[in-house]
Amino acid sequence: MKYYLYILKTLDNTYYCGIARDVLNRFEKHKNGLGAKYTRAHKPDYIAYVDIFEDKSSAMKEEYRIKKTLSHNEKLDLIEKNKKRTEKILKNLKSD
């Protein structure tokens, strides 16, 4: 079963990283205040990055790496370098 790692850009220019099996549904929950505590205080603006993993463990490892080792600027670089791929993944998810 696939898991998605996502990074949300917030209205106050911070980033939130998480994993979900249904990233679009999870984003809606974050927007409606039903997601993580962080996104209740820092309202999400849009999905800035998405990656796909074959299992939860792999997605969690990458989430940990992003949260613990990447600086704000490194997250920006990751997002920018994968912009077209993220757009493609989101387009495919929206058409399913």
One residue is enough: does region 49-56 have a residue meeting the conditions out of contact with any strand residue (DSSP E or B) (no Cβ under 7 Å at 6 or more places or on another chain) and at pLDDT 95 or above?
yes
The listed residue being modelled with pLDDT under 95, part of a helix (DSSP H, G or I) and on the phi < 0 side of the Ramachandran plot, out of R65, R40
R40
Out of all the residues in region 57-68, is one or more among the β-branched types (V, I, T) and surrounded by 11 or more Cβ atoms within 10 Å (Cβ to Cβ)?
yes
Of the residues L8, L34, which is out of contact with any His (no Cβ under 8 Å at 6 or more places or on another chain) and either closer than 18 Å to D96 by Cβ or of a type in the set (A, V, I, L, M, F, W, C) (or both)?
L34
Could you please find all residues in region 79-90 being more than 16 Å from T10 (Cβ to Cβ) and either part of a helix (DSSP H, G or I) or out of contact with any strand residue (DSSP E or B) (no Cβ under 9 Å at 6 or more places or on another chain) (or both)?
E80, K81, K83, K84, R85, T86, E87, K88, I89, L90
List every residue pair whose Cβ atoms sit under 7 Å apart, with the two residues 6 or more apart in sequence or on different chains, where the first one lies in region 1-28 and is over 15 Å from T86 (Cα atoms) and in contact (Cβ under 8 Å) with a residue 60 or more places away in the chain and the second, anywhere, is among the basic types (K, R) and outside any strand (DSSP E or B).
Y15/K75
Please enumerate the residues belonging to region 1-58 that are among the hydroxyl-bearing types (S, T, Y) and under 17 Å from L93 (Cβ atoms).
Y3, Y4, Y6, Y46, Y49
Which ones in region 1-46 are within 23 Å of N73 (Cα to Cα), exposed (fewer than 13 other Cβ atoms within 10 Å of the Cβ) and of a type in the set (A, V, I, L, M, F, W, C)?
L11, A41
Looking at region 38-62, which of its residues are more than 16 Å from T86 (Cβ to Cβ) and touching a residue at least 24 places away in the same chain (Cβ under 8 Å)?
T39, H42, K43, E54, D55, K56, S58, M60
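The values are calculated or read from the model by the stated rules, or taken from the named source; none is laboratory data. Values in this document were obtained by computation on a predicted structure and should not be read as measured data. Positions of Cβ are backbone-derived with ideal geometry, glycine not excepted, and every protein chain shown enters the neighbour counts.
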